Amino acid sequence: MNKPKVVILGGGFGGLAAARALHKAADVTVVDRHNYQTFLPLLYQVSTAGLAADHVAYPIRGALRKTPVKFRMGSPISIDHKNKEVKLDSSELLKFDHLIIALGSVSADFGIPGVKEFTLGMKTVSEALTIRAEIMRRFEDLCRFEDDTKLSITVVGGGPTGVEMAGAIAELIRGPLKSDQANAAAHIDITLIEAGPRLLPPFAPSLSARTKKDLEKLGVKVLVNAAVQEVEHRKIKLKDGSTIASEITIWAAGVKGSDAMLQLNLPTLGNRVAVEPTMQVKNYPYIWALGDIAASVDKNGNQLPMVAPVAIQQGKFIAKQIARLGKNKSLENFKYLDKGSMATIGRNKAVVQVKGIKISGAIAWLIWLWLHLFYLLGGRNKIGTMADWTWNYLTFDRGNRHIMDS
C-alpha cells in the first residue's frame, strides 16, 4: 500500500513532532525558511548575552537524521487545492495528500501606531541579536559621557516573555555591565509595561505579585494598567496621556499567526487559522493546522496559549488523526493536557504553576532550568547551554556581549 504524502510547513516544535510521529506511516516532507529550528523559550537569553545564538538553534536535517523524512528550505507561496500541490518560493511544487500548517507566529502590533517602526521584536535569532547589539551599542555610547545622560530601555508586555526579558536585562546591567563601566551601568533605566492589572495574567495573583516584587528588587520599574497608545522615536505614549522616554523599546506584548496564512488564503479566526476540534482547517479536511497559527480552543471555548507544549501535543495528535483516516476510523477531537506554566525572573528567581500547585524562588528556578534543558535539541546545545549558565552563575559575567548584528 502506498504511503500518503504529507507536507509539513514549518520546522518548529509542532512541525518536527508531527514529522517524527508520521515518518513510518507516511512519505513526509518538512518545509521551513530556515535550515534550523529555533528554541524560542531561550531566545531572550541570546538578546541579553546569556547564551550564544547557536545554542538555541538546531539543524532540522539533524533532528530528522534517523528518519526518511525529507527537508526543503523555502517558504510556501500558494496552495493548489485542485491538484493538491503547494508551491514554494524556489518554484518547486510539492504534492500532498495531507498538508500540515505549522508556520508559527509573529509579533502582533494590535494596530498601535509606531510599533513596526520603532520597536524591536523577539521572535527570531536575528531579532535577538539585534536587541543584544542595540543594548551593547547604546551602553558603549553611554560610556563616553561623564554626566547624568540616561539610557532608557522599555519592555512592553507583562507576560512570561516580557517578564523574562526585563529580568535578564536587569541582571545584565547589575552584573557584567556594572563591572565593565559602573557609572554607565548606573545610568541605565529599565521599565516593564503591562496593559492589564497585573503581570503574568495566566498565573495565580500571588505569583504575579511575587514576580513584580522580584523585578522591582532587580531595579525594574513595573507599570501595570498602562496601555500603550503610540510608540514614537525614543518615547512611548500611554493611553492615560503620560509619556515615557525609551531609547530602546522591546515589544513582547503579544503574537499572532504567521502572515503566511493570509498569503495562502486560509480561513482565519481572529489572527489565527480557523480549525475544527479535529485540528482540520475549516472547509479543508485534507489540511491541518497546529501550534501558534491554529485557533484551537479548550473545553471552555478559550483559545489555547501560544506555547511549545500545545504545538508538540497537536503535532503528535495530527499524526494519529492521519493514521486513523488511513484505517477508515472516525476522527477524534483534540484535548490539551496542560502540564503547567513557568517563568524565570532572574538568578534563583522563578515562578511555576501546575494546576493548584504554586512554586516560587530557587526551587522553581531549578525546575525551569531542568525542563528547558530537557526540551532543548542536540547534545552540543545542551552542553553549551549548561556551560554558559554555569559560567554566568559562578562569575556574574556574560561572555556573549558582542555587537554582531548585520
Is one or more of the residues making up region 327-334 part of a helix (DSSP H, G or I) and surrounded by 16 or more Cβ atoms within 10 Å (Cβ to Cβ)?
no
Breaking point among (1) more than 30 Å from residue 173 (Cβ to Cβ); (2) assigned to a loop (DSSP other than H, G, I, E, B); (3) not basic (Lys, Arg), for residue 402
(1)
Does residue 78 satisfy being free of Cβ contacts under 8 Å to residues at least 40 places away in the same chain, over 30 Å from residue 170 (Cα atoms) and among the small types (Gly, Ala, Ser)?
no
Extreme residue, farthest from residue 55 (Cα to Cα), among residues of region 11-43 that are charged (D, E, K, R) and part of a loop (DSSP other than H, G, I, E, B)
24
Among the listed residues 86, 46, 31, 69, which satisfies the condition of being closer than 23 Å to residue 319 by Cβ and either among the basic types (Lys, Arg) or in contact with a Lys or Arg (Cβ under 7 Å, 6 or more places away or on another chain) (or both)?
31
Against the condition at pLDDT 95 or above, in a loop (DSSP other than H, G, I, E, B) and in contact with a Leu (Cβ under 8 Å, 6 or more places away or on another chain), how does residue 192 come out, does it pass?
no
For region 69-81, check the following and say yes or no: at least one residue is closer than 30 Å to residue 157 by Cα, in a strand (DSSP E or B), out of contact with any His (no Cβ under 9 Å at 6 or more places or on another chain) and modelled with pLDDT of 95 or more.
no
Which of the residues that make up region 198-237 are surrounded by fewer than 20 Cβ atoms within 10 Å (Cβ to Cβ), touching a residue at least 40 places away in the same chain (Cβ under 8 Å) and assigned to a strand (DSSP E or B)?
229, 230, 232
Flagged in region 358-398 as surrounded by 15 or more Cβ atoms within 10 Å (Cβ to Cβ) and of a type in the set (Val, Ile, Thr), in numbering order, are 359, 367, 385
If I filter region 119-135 for residues that are farther than 30 Å from residue 195 by Cβ, within 25 Å of the chain's Cα centre (by Cα) and either at pLDDT below 95 or part of a loop (DSSP other than H, G, I, E, B) (or both), do I get at least one hit?
no
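The values are calculated or read from the model by the stated rules, or taken from the named source; none is laboratory data. What you see is a predicted model; the values in this text were computed from it and never measured. FYI the Cβ positions are ideal-geometry reconstructions off the backbone, even for glycines, and counts take in every protein chain you see.
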